Every structure is written in structure tokens, then in C-alpha cells.
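The values are calculated or read from the model by the stated rules, or taken from the named source; none is laboratory data. In this text the structure is predicted, and so the values were computed from the model without any measurement. Ideal geometry is used to build each Cβ from the backbone, glycine not excepted, and the neighbour counts take in all protein chains shown.
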Amino acid sequence: METVNYNRKINFGWLFRMAIRDSRRNRSRLLLFISSIVFGIGALVAIYSFRYNIQNDINDQAAELIGADLTISGNKTPDAKLKALTNSLGDQRSQERSFASMILFVKNKGTRLVQVRALEGGFPYYGTLETVPLQAGSAFKKGKYALVDKTLMMQFNAKVNDSIKVGNTTFIIAGLLNKAPGQTGISSGIAPVVYIPLKYLEQTGLAKIGSRITYSYFYKYNRKQNIAKLIKKIDPQLDKAGFNYDTIETRKENTGRSFADLSRFLSLVGFIALLLGCVGVASAINIYIREKIQSIAIMRCMGVKASEAFLIYLIQITGIGLIGSVAGALLGTVIQQLLPLVLKDFLPITISAGISWLAVWQGILLGLIISVLFALSPLVSIRNISPLNTLRLSVDDITTIKDPLRWLVYSLVLLFITSFSYLQLGSWMGAAVFTVGIAIAFLILTATAWLLIRFTRLLIMSSWSYIWRQGFANLYRPNNQTIILTVSIGLSTAFICTLFLIQQLLIGQVTLSTGENQSNMILFDIQTSQKKAVADLTRKQGLRVLSQVPIITMRIDKVNGKTAADVKKDTTLRISPRVFTYEYRVTYRDSLTSSEKIISGSWIGKAEPGKEIPVSAEERFAERANVKVGDKLLLNVQGIMMPAYVSSIRKVNWNKISTNFQIVFPTGVLEDAPQFNVLLTHVPSNTVSAKFQQVVVQQFPNVSIIDLGLILNVLDELFNKIGYVIKFMSGFSIITGIIVLISSVRISKYQRIQESVLLRTLGASRKQIFAITALEYLFLGALSALTGIVIAIGSSWLLAKYNFDMPYNVNLLPVGIIFIVITLLTVIIGLLNSRGILNKPPLEILRSNT
Amino acid sequence: METILNIQNLNKTYKSAGRVLTVLDDINFSISTGSTNAIVGPSGSGKTTLLGLCAGLDSANAGIVELNGISLGNLSEDKRAQVRNQYVGFIFQNFQLLPTLTALENVMVPLELRGEKNIKARSQDLLDKVGLADRGHHYPAQLSGGEQQRVSLARAFSNSPKILFADEPTGNLDAETSEKVVKLIFDLNREAGTTLVLVTHDLELAAKTHRIIRIKGGKLVADDKTGNE
């Protein structure tokens, strides 16, 4: 008797051949399935390329970002020891004093709060102050000249050689400033820069006690110097004096880090597009494999092993995944050329748009992993297809829940989503929340579909017309598409709607109330001696003084007896080092304001002489300093040490425009400390605002004014740009969602062909089949979109509460539009797909499907 | 004569809507090498289930199925697949050709699986024998029912099987085509010395075999040349 060779080796050549042969009549369909990952891969390749190019550009341009080899800065007047140090460093040195101040355009009396930079020396040593005319960048230091930011020049229609008044001194505009080291388009929009020579700062009268001046020193070394070693040596002294340093290396790191945040956010949006695509791949392959049951059963009859059948389709999916990934990488490389245009206002450097091969390879690899991983769940069920299907097509489910391999695949998918989101978010917590969120959304949709299948059967009444009964029965009969379509359409809707709701909330944050009693103009740096005069002047102009608040600057020396040095040594104290370096602006008053609420402890409005001072800490400050009610603080109020304790913790609504503080003192302590005042008023129009500003600047040149109307305009512009970036990236998700929808509905067409043809053969009219199909998709589309929207509302509420910390509200109109659009799109695509069946004679279709 | 198929105390039950349904009940018979056999019975009598079990497409709840001396009950589905590839040929009522493969490629599959050489020429020869020499590059959808069944026949003989199982081989064909296909089945069978087991309710076709096994209600009710109870 012959023996059977049970250990037949896998012939990969034949498996490849069979994979190609089997794909013959399905290639266009397979390409449609895989097209859903093209946009996700495209988005990620674009963002990765952008990230790598930025890294390279930062490395190349870091010296120009800082403009010197070493920068030292702080906002305290340097003492003699520090002065000696600053004078001993570098082969070439420059210094700068910068502060916020009002300036007046003499010609048209226009006023505006600007960042004044009084400069002395040859800074910048790398890069230039880009000015028009070109030589103005260095020539302005030779006399009473100023360089004025280009947006400011445009805003006030100023020309070179016009005059501006800074404090008490008039300067001639030597040139307009296009770019200074490290400056972005957006930052100059919020605080436009005006350079003046340092030697005239004294004359302006702005450098007085109470003015918040930043002192900066720039150094250049002619020969290569070990800056890191130098920093190590001088850091303790700088730390003690409250000064910071910045080198080319630290700037590289910091700039890189801030762009990592930006690109992380963008990659996450890209990843959502990719995940949507994955849902498309998984659902398409699931149906594809179901249609292949007969072919697989025939092969099994011929003697093909389960593993061989599995491999044939795995090879097919890998091949098609590779094509999709390469297409995605190509698309990404094209999009990447556009990203610097979209993001240029946020960037202080010139971004190159070269092809990043690393990003291209990463994209292709990712696409391959994704397409295989998400196809694996339906692919493993191939192993369960019995050869008996050749004799009698079984309607049994081939996807057995008990299959351990299936659970392994699910675990791999979860592991992949968690790891990949970790790579994007940089936090395991964030990655876990993201993954769990997606899993919950998936479960909700599956449960909804399951309930729909169970309950539709009970709901259908025999009194309904045949068309209604048939349309609804399609939702639960064998080979129904209910679960797959609900999950894919629902997840697409949830992703798109969440992005949309968050975008609306973010933009809505900028549209702040400017009612009569809401302040929209803030006057600050008012000296105590000027307090009454400024208030009188405000009233004289017909404006209300909404509030006047004293402000005192101070630092924290100890938290519960621990100094900055202790915190550095012992990280278990969980006190942020920033608590000690920050210069706090505090106030004193006897009551809470309307934007504050005590959440712990009790408010004490008046201090008792000779006793420890009770202060109220803002919630987030208390978190950073790791303090609770009763904890001790040692406060350094301009050199005087004041022991205090936390008597209460407040929640502050920072979104409300008023003067809010991290620390509030009771009355009876700081009244005699050096202080300045802030006055809040409401101006009804731009004309009144301009007139009032002119009068204030002329009489009180040291007083600065923030016109919130102007800031709102800048913020509005900023949010428009951010909104544009969000929309640009969400565009990928939306396109992917539509492709997934098209492919999900399209693949379900193959399930419906047979019965539609039978119905036509039995005499159903085109109109009847059209109505049955429309009803099925209408119900599926509406329910999936509705569930998706409910998930989106839940997830956006969670994001708003825990991530963005902003009040939540839903604008129902656009949500309703999303619902209608998704539902209609499902019906339209469903009907378009059925058109072929409706228009051809039944026999033709029966023959072509033999 | 040597036995190629031995069936002993074969039972097959299914669970349907919570009820246990006995499809085959205590079936016993054996088939000799080179013989031609028909399994007949009314619709729902269990004959297709019996064919599936004999060919190793399914496993029984009780009893023994020995194919060429190999007890199929002890084998995994993958091992049974390899037994089928080595010893078994199939002909189905609805032809069961792979729709994405050409006629020639369909015939080549069992040989390719075995890793044999000179496959193309041998498969082309088989197509020649069934009269489809010039249709090798056509896809199943481009062939008529009779042509598809002839391709299926060529495929069934391609791996030189010891036993050929045919499930209603003429069930989907008109009388004239059926006659040609039946002639081909018996001619090729004789030429290759293969054992034939065909399932049919066409008594005229069954009468062409050496032996008729009659099944009714899942039980073997007759086993003779004439098929009488």
C-alpha cells in the first residue's frame, strides 16, 4: 500500500501563482478596498516628511534662530556680580532690554502696544535683522532711529523716515523689519517688535521701577568653544540670579520639541484617517472572503491545506496593500510640498520641501502592516472553511468566536493602535485612552447593529407593504451587511463629527463676549501716583472704570520648607521647578470676583497683623506647587520675605476677560509694597478706542494699553489659520470616510445581486427593487450616522472637558447637516451600485455570475 | 478483490434548531478497487452526506471510514486534504471550477499541488481527451455547462486518483450533453482503472454501474446490482 506524504512542503512559488490567478477578476475591487488606506498613508507620509525636513532645517538654521552662540536673559535688574559675569563672557557681546509699551505714530496719531527692543552691539551674529532698506538693520543703531515691524507699518500706513514716539522720545523709522532671529509671523501679529538703540532707552523714561523689563545678553565666540562646559560652570550663578540661558543646542532641542508637538497633533489626525481606512480594509476583506468561500472550498477539495489557502489570500492582500501603500507614499510626497505653505506662519525657519525617503519607506511599511493586520481577522476564518461547501453551501458562520488565532489578531490590532498612538502622542496614558475610546466606539456600533438585527425581526408587521417588509428584512436575513456597514459608516461619522465639533469649540473660544459690562480694554503699568489721574481721564472721556486692580510682583522661595535646590534633588516632592523661577503678579483684595469660586478651604479677606499671611491659590497653581489648604509658602516680595499659608484654593474661569491671579493676598499686607495698577474699561467703538489711546499715551507715556478688539482680530486670524490646518488634515479623514463608505456599500452590492435578480425574474419591477434597496440603505445610513454622531458628541465632550478644559456646547444645525449628508450619501451610493442590476436583463446577470 | 473503501457503522447527526437530526444511521458497506458503484435514493435521504464522508470532506459522529486502508476518522482536516490530493478525484453537479482560473489552469491545480513535473503538457492531454483541446485558455464563465463539466472531468482524472466521487454529474446538463459526459466518465474510468462512486437519483445512470447502494431516510436499504429493496 502506498503511503501519504503528510509533510508536504509549502511551495511558495505556486502560492504566489495562485494568488495572482485568483485575483484576476477582482483586481479593480481589491484596489477599491485598498484605496481607503491611500489617503491615510498619504497624510502620514506628508507629516513625517515635514517632520524630518523640519529636524534637518532646525539643525541647519538653529544658529540663525538664536542669532548668537549664547544668550543669557532674565527679568530682574542684574546685580554687580552678574554684571561682572556678563561682561566677562564672549569675544563679541551685545545686550538688549525688551518690554511691552505703547508707541505713537506721530503722523497719524495711531497708537499700539508693541514689544520694544532696545539693542546695543552687533547682534545678530548669525542671520540678520531682515529689513527694508537692507542696511537699516545695522544703521538704526547710529542715531535716534527705529526699526518697525512690517505688519505695524502696514497697519498704520507708515513709511520709512516717518516718526514714532516711544515714551518721551521721538525716533525716525530707519526701516521696516521683515524678520528677526526666532520670530514667527504669528508672534509678530500678537506683539509686533520695534527696535531702538539701547543708548536712548533712558531718555524714553520707560525704564522705571515697576516696569517689566527683560534683560538679554548675546555672546559670540570667534573660536570654537565648549559652550556646554561653560554653561555647567556659570549655571549655578545664573540660577541664583534668576537668569536663564539659551544656546544653539538648547534652541535646537526646544524648537524641535515644539514642532514635535505640532507634528504629533497632525500625525494623530493622519492616523485617524488611516484607522478609518483600516475599518474599510477590514470590512471589505471580510466580505471578499465570504464571497470566496466556494473557491476556497474547491481548493480544499483538491487537497489544498488550510494554511496554504490562508497564505494564498495573505499574499494577495499583501500585494494589494503594497500597491496602496506606494500610492499613498506618492500622494504624501506631493502633499508634503503643500504643508510648509499651510504652516509657514507658525514657523520661525524656512522649511525645505525635499523628498524624505525615510518617511516614504516608513509610510510604505506602515501601509503594509496595516493592510495585513486589519485583513488578518477575516483572513484567519479561511482556515475554518470546510470543503463540504462544494457539495452544500453552508450558511454557517465561518468566523468562530472560540478561534484563539482570532483573539490573537484582535490583540495584535489593539497593541498596534496603542503603540502607534503612543508614538504620536508620546504618552502611554494618552495612547491607552485613545485606544480604549476607539474600542468603545467599535463596541457601541457593533451592539447597535446587533440590536437592530434582533429587533427589526420583531418590529416588521404583516400589515406593511411588501416593499417595506422586504427592505427591512434585508437588515437581518442571512448574508446581511448590517454589522459591517453600521461599524464602518458609524466610525467614519464619529471620527469626522468629532473633528468637526472640536474645531467648532476651539474656534468658538475666540468669539468672546464684548457686552457693555464686559471689559474690552486694559490699561496697565499705571504707577500708584498716576492711579487717580488715569481713572479721572477715563471718566472724562465718557468711559466707565470697570475695575482698578493693584499688581505686585513676587517670587516663591520655599514651598513647605523646600527650596528650588531641594526640588531639583528630590523629584518625589512633585513640585514643578517652574514654581520657583516664575515671577508672579499678585493682587490683594477683600472679596472674590465673579470669575472665581472657592473649591477648598475658606476665603480670608483681611490679614491679621503679626500673624502668618493667608493667601488664596488658584487650582492649577496649587497642582503645580503640590500644595493644599494649610500648606506653607515663603514669598519673596521684592526682597522682603513673607511667610504665608494657603487658606483657600480657587477655581478661576480664565476664559472671562478680567484680571485673574494665581495667588491673591488679603488686604492689610501689600498696600505699601512697590506696585502698579491695572484699569479695565469698555470702549464702544474703534474710533473711541483710538482717541482714548492717543490721550492716554500723550499724558501717561509709561501706561500700556491692550485693545482686546485688536487682540481678538489677531486671535481670530490665528484661529482661522489653525482651523485651516485642522480642516486640511481632517480633509484626509473625510475623503477616507467617503471611500470607506463607497467601498462598504459597493461590496454589499455583490451580496444583493442574486436576490435582486431573482426578484426581477419573479416579476418585481425596477421601481420596487429600487425602493427596497433605498429603504435598506436609508435605515442603515440613518442609524449608523446617528450612532456615530452620539459617539462623536460623547468623545468631543470628553476631549473638551479633560483635554482642552473648555465649556462644552453642541451646535445642532451642522450636526444635523452631517447626519443628513451621511444618510443621503449611503442611500445614493447604495442605489448607484444597484443601478447595474436594475438596468440589465436578469438573464445577462445570471449568466455573468455563473 | 482488494477493498478501496470500507464503511462500518457510520453515523452522522446534525443539530438543527436545538434538535438532533440523524442523517445517516449505521451504514455498512465496502467497495472494491476498480469497481463502479452508484449511491441512489430520494432527495434528503443522506446520499450526498454519505459521499462527503466517504471522500473525507466531513467527519462522522461514529463509525469507520477507511480509504485505501487509511482511517479518515483519525486524521485532521489538513491530513485528509492530502489524502484527497493523492487518492481522490471529484466531479460535482455544479462543476465547481475555480472561476478565476482558465480551463487549463483548473486541470493543473491538483498536479501543481503535488509538485509534479511536465504538468502543462499532461493537463493539455487531458483536455484533449475530453475534447476541449482548443478551450484551455477560456475561463469557466466563457464555457457552456457541458464544457465546464468536461473540464471538471479532466481535472478529476489529472492526479490519477484511485477513487472518483461524482455527485449528480449530469444533474445540471441536458439529455444529449449528459449522455456524452456519462460516456466520458465511464471511458476515462475504464482507461485509468479508477474506482467510481457516483451519487445520483437517475436510475438509468445508476444502472450503468456494477453495484447500486440504495439509501432511504439515512439507512442503507439495499445493496445489489439492481438496487431492489
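Inspect segment A:104-114 for any residue being free of Cβ contacts under 8 Å to residues at least 24 places away in the same chain and surrounded by 15 or more Cβ atoms within 10 Å (Cβ to Cβ) and give the result as yes or no. Scanning segment A:104-114, I find no residue that is free of Cβ contacts under 8 Å to residues at least 24 places away in the same chain and surrounded by 15 or more Cβ atoms within 10 Å (Cβ to Cβ), so the answer is no. Residues in segment B:152-160: is at least one within 14 Å of another protein chain (Cβ to nearest Cβ), farther than 18 Å from B:Ala55 by Cβ, at pLDDT 90 or above and surrounded by 22 or more Cβ atoms within 10 Å (Cβ to Cβ)? Within segment B:152-160, one or more residues are within 14 Å of another protein chain (Cβ to nearest Cβ), farther than 18 Å from B:Ala55 by Cβ, at pLDDT 90 or above and surrounded by 22 or more Cβ atoms within 10 Å (Cβ to Cβ).
Being under 23 Å from A:Ala80 (Cβ atoms) and either away from chain B (no Cβ under 14 Å) or at pLDDT 90 or above (or both) is a description that does not apply to A:Tyr221. Of the numbered criteria (1) in a loop (DSSP other than H, G, I, E, B); (2) among the aliphatic types (A, V, I, L, M); (3) loosely packed, with under 15 Cβ neighbours inside 10 Å, the one A:Met641 fails is (1). Filter segment B:62-83 for residues that are polar (S, T, N, Q) and closer than 14 Å to B:Ile7 by Cβ; which is nearest to the other protein chains (Cβ to nearest Cβ)? Out of the qualifying residues, it is B:Asn68. Considering segment A:285-349, the qualifying helices (runs of 4 or more DSSP H), each wholly inside and each with 1 or more residues that are under 30 Å from the mean Cα position of the chain (by Cα), run over A:306-336, A:339-343.
The residue that is nearest to the other protein chains (Cβ to nearest Cβ), among those in segment B:29-61 that are touching a residue at least 24 places away in the same chain (Cβ under 8 Å), farther than 25 Å from B:Glu191 by Cα and surrounded by fewer than 17 Cβ atoms within 10 Å (Cβ to Cβ), is B:Ser43.
Quick grid of which residues meet (1) within 24 Å of A:Leu388 (Cβ to Cβ); (2) among the hydrophobic types (A, V, I, L, M, F, W, C):
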position	(1), (2)
B:Gln149	yes, no
B:Ser158	yes, no
B:Phe165	yes, yes
B:Gly171	yes, no
B:Glu176	no, no
B:Asp187	no, no
B:His201	yes, no
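Figure legend. Inter-residue proximity from segment A:587-616: first residues at positive phi, second residues part of a loop (DSSP other than H, G, I, E, B) and at pLDDT 90 or above, beta-carbon distance below 6 Å, spacing 6+ or different chains. Indicated pairs: A:Gly601/A:Val629.
Here A:Pro404 meets each of (1) modelled with pLDDT under 85; (2) closer than 20 Å to B:Glu77 by Cβ with one exception, condition (1). Of everything in segment A:648-671, what is aromatic (Phe, Trp, Tyr) and modelled with pLDDT of 90 or more? Give them in sequence order. Result: A:Phe665, single match. Only residues that are more than 14 Å from A:Lys107 (Cα to Cα) and either of a type in the set (A, V, I, L, M, F, W, C) or at pLDDT below 90 (or both) were counted in segment A:167-179, giving 7. Filtered by the rule that a residue be over 12 Å from the mean Cα position of the chain (by Cα), part of a helix (DSSP H, G or I) and aliphatic (A, V, I, L, M), segment B:147-197 gives B:Val151, B:Ala154, B:Ala175, B:Val181, B:Val182, B:Leu184, B:Leu188, B:Ala192.
Of all the residues in segment B:111-144, those that are within 25 Å of A:Phe12 (Cβ to Cβ), within 14 Å of another protein chain (Cβ to nearest Cβ) and not in a loop (DSSP other than H, G, I, E, B) number 6.
Among the residues making up segment A:1-33, a single one is of a type in the set (Lys, Arg), closer than 17 Å to B:Gln86 by Cβ and surrounded by 15 or more Cβ atoms within 10 Å (Cβ to Cβ): A:Arg8. Scan segment A:120-128 and give yes if some residue there is modelled with pLDDT under 90 and among the β-branched types (Val, Ile, Thr), otherwise no. For segment A:120-128, residues modelled with pLDDT under 90 and among the β-branched types (Val, Ile, Thr): present.
Consider segment B:90-108 and keep the residues that are part of a loop (DSSP other than H, G, I, E, B) and in contact (Cβ under 8 Å) with a residue 60 or more places away in the chain. The one that is nearest to the other protein chains (Cβ to nearest Cβ) is B:Phe92. Checking each residue in segment B:106-122 for being touching a helix residue (DSSP H, G or I) at 6+ places or on another chain (Cβ under 6 Å) and not polar (S, T, N, Q) picks out B:Val107, B:Met108, B:Val109, B:Pro110, B:Leu111, B:Glu112, B:Leu113, B:Ile119. Does segment A:465-481 contain any residue that is at pLDDT 85 or above, of a type in the set (Ser, Thr, Tyr) and either more than 40 Å from the chain's Cα centre (by Cα) or under 30 Å from A:Val703 (Cβ atoms) (or both)? Looking for residues that are at pLDDT 85 or above, of a type in the set (Ser, Thr, Tyr) and either more than 40 Å from the chain's Cα centre (by Cα) or under 30 Å from A:Val703 (Cβ atoms) (or both), one finds none in segment A:465-481, hence no. Scanning segment A:371-387 for residues that are over 37 Å from the mean Cα position of the chain (by Cα) and either more than 13 Å from every other protein chain (Cβ to nearest Cβ) or at pLDDT below 85 (or both) yields a total of 2. Every listed requirement among (1) within 10 Å of chain B (Cβ to nearest Cβ); (2) without any contact (Cβ under 8 Å) to a residue 60 or more places away in the chain; (3) assigned to a helix (DSSP H, G or I) is met by A:Thr3 save one, (3).
Of all residues in segment A:443-463, those being in a loop (DSSP other than H, G, I, E, B) and closer than 17 Å to A:Leu778 by Cα number 1.
Here A:Ile722, A:Ile738, A:Ile769 are screened, and the one residue that is in contact with a helix residue (DSSP H, G or I) (Cβ under 9 Å, 6 or more places away or on another chain), at pLDDT 70 or above and within 30 Å of A:Leu505 (Cα to Cα) is A:Ile738.
Results for (1) polar (S, T, N, Q); (2) modelled with pLDDT of 90 or more; (3) in contact with a His (Cβ under 6 Å, 6 or more places away or on another chain); (4) farther than 15 Å from A:Val695 by Cα, shown as yes or no for each residue.
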position: A:Asn520; (1), (2), (3), (4): yes, no, yes, yes
position: A:Asp525; (1), (2), (3), (4): no, no, no, yes
position: A:Lys532; (1), (2), (3), (4): no, yes, no, yes
position: A:Lys540; (1), (2), (3), (4): no, yes, no, no
position: A:Val545; (1), (2), (3), (4): no, no, no, yes
position: A:Gln548; (1), (2), (3), (4): yes, no, no, yes
position: A:Ile551; (1), (2), (3), (4): no, no, no, yes
position: A:Ile556; (1), (2), (3), (4): no, yes, no, yes
position: A:Val559; (1), (2), (3), (4): no, yes, no, yes
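Please work out if A:Asn653 is of a type outside the set (D, E, K, R) and under 15 Å from A:Val559 (Cα atoms). The answer is no for A:Asn653.
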